[in-house]
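In what follows, a single structure is set out as structure tokens and then discussed.
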Amino acid sequence: MQSWCSGSSLAEFLQFQPNPQSLLYDYLQIKGAALHVQPIPANAAYSASTDVQCMAEGSCLLRKMEISVAEAEKRTGKNAVNMQETYTVYLIETSVTEGHNPVPDSLWRRYSEFELLRNYLLVTYPFIVIPPLPEKRAEFVWHKLSADNMDPDFVERRRIGLENFLLRVASHPVLSSDKIFFLFLTENGWKEAVFETGFLAKSDSRLKALNATFRVKNPDKRFSELKHYSDELQSVTSQLLRVRARVADRLYGVYKVHGNYGRVFSEWSAIEKEMGDGLQSAGHHMDAYAASVDDILEEEEHYADQLKEYLFYAEAVKAVCRKHELLQYELETASQDLASKKQQQEELAAGTVRTFSFKGMTSKLFGQETPEQREAKLKVLEEQIKEGEVTVTEKTLECEEFVKNAWKDIERFKEQKDHDLREALMSYAVMQISMCKKGIQVWTNAKECFSKM
């Protein structure tokens, strides 16, 4: 086997190989980590059915590799236009769970690189609900929370979100087998490999997708309902996050006002002899209660981030629906074009024009075509009809394959969503109950202090 260990990087080497996944397998074995990446035969074309096969086999990178975003670091450097900028980088650490004493690998990635990876996945796997990235700038914040994207607390929450994104992809039965994703985790030169795929040229423009949305005549009812559900999910999740932010504002004020009890009880204790100790102790309990709100609201942000993930997931679901609309529109356009060509063939063969057309007007003005001209046009139309039939067949198969694969992943996503949101809401309720119990305990303790005066 040719060596890539000297000279160029693994990413550069894989770009020019006929069977890169097989070589990835060999590479991992050399490192003492047999991850059992399923190789695709060199003569096999990449298709969605390959991914479905991986899904059926249940292959998952997360079962064989530990992945974490260990820390974040602020850096300063020059951007593309040679201007100084401050940015944050995130340390990705990976270690295989098989093999003898595997050595963990680590590398730094910017948020923009995570965006590039996700855009690649969106284009390459349009039938999959791609996991979302955490927010680039803070949204739905209450007034004491900083909206600065360089704020340490925000950077830490984003670090957790980026790790969650990688774990989502690594646990997905299809995405986890992607070569580019593996290179993102393990190779500094991964960008060359992702651009070599040509995914940017394959991406659909927003205008094209919007045009298909309004012009498609026979949309799939299931995808239309799913798109409507995604809009509703975004709406209710946004409302819930806004309500939670308002509650956090008021809760913070209520807790901090309790600190005034502590101050007043402390001042009062100074003028009392027999009641002084009880008042002083009650004041300490009130101070502790007022200070506890910071930890409570910090924990609440964790649950808010879980809701935000599904706010962004709704957009990922709509992306799958828009892709289906585009495929359906292309099929309808090809079918309509084929029907038009067949009608022209019938009219030309019969020497009649059923509908008003420029061709009919010219025939009346300048006379009928000669038999030779008509025969030549019939041959051209015959070839165009054959090509159109092939196109319609291809578009039909592509649309059917997309629907089958997309709906399989949507069912998987629904189970994940129901489980995650149920757990998040239950945990949030438990946290609120615990918070109320702490409040009851504070006033119970204060009551005991007053009773001993």
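The values are calculated or read from the model by the stated rules, or taken from the named source; none is laboratory data. From a predicted model like this one, the values you see are computed outputs, not experimental measurements. Positions of Cβ are generated from backbone atoms using ideal geometry, with glycine treated the same way; all protein chains shown enter the neighbour counts. Heavy atoms of the whole protein, side chains included, go into the accessibility calculation; ligands, DNA and RNA do not. Shrake-Rupley method; radii C 1.70, N 1.55, O 1.52, S 1.80 Å.
Quick notes on this one:
- Per-residue packing, averaged as other Cβ atoms within 10 Å, sorts the ranges 112-118, 310-316 into the order 310-316, 112-118, beginning with the highest.
- Efficiency of FRET between ASP231 and THR197 - r from beta-carbon atoms, R0 30 angstrom, step 0.05: 0.40
- Summed over the residues of region 213-340 and divided among them, the accessible surface reaches 53 Å² per residue at a probe radius of 1.4 Å.
- Kirkwood's formula applied to the C-alpha pairs of region 169-211 gives a hydrodynamic radius of 12.1 angstrom.
- Net charge contributed by nearby residues that have their C-beta within less than 13 Å of GLU66 (K/R +1, D/E -1): -2
- Kirkwood Rh in Å, taken over region 225-363 so that all alpha-carbon pairs contribute: 21.9
- Excluding same-chain neighbours fewer than eight residues apart, the lysines reachable from LYS379 by a Cα-Cα span under 22 Å are LYS341, LYS342, LYS359.
- Computed extension length for GLU66-SER205: 46.4 nm, one decimal, from 0.36 nm per residue of separation with the Cα-Cα distance subtracted.
- Working from the Cα coordinates of region 120-265, the gyration tensor eigenvalues give, after taking √(5λ), semi-axes of 40, 25, 13 Å in decreasing order.
- Packing order of peptides 328-336, 222-230, highest average first: 328-336, 222-230 (average count of other Cβ atoms within 10 Å over each peptide's residues).
- Zone of VAL254's modelled label, taken as backbone nitrogen in region 422-441 under 14 Å from a point 7 Å along Cα→Cβ: 432-441
- Ordering of 179-188, 391-400 by packing is 179-188, 391-400, highest average first (other Cβ atoms within 10 Å, averaged per residue).
- Remark: spin-label model distance LYS447-ALA288 equals 1.7 nm, labels positioned 7 Å along the Cα→Cβ axis.
- For the cross-link pairs LYS202/LYS414; LYS191/LYS227; LYS136/LYS191; LYS136/LYS179; LYS191/LYS417; LYS318/LYS408, the ones whose C-alpha atoms lie over 23 Å apart are LYS202/LYS414; LYS191/LYS227; LYS136/LYS179; LYS191/LYS417.
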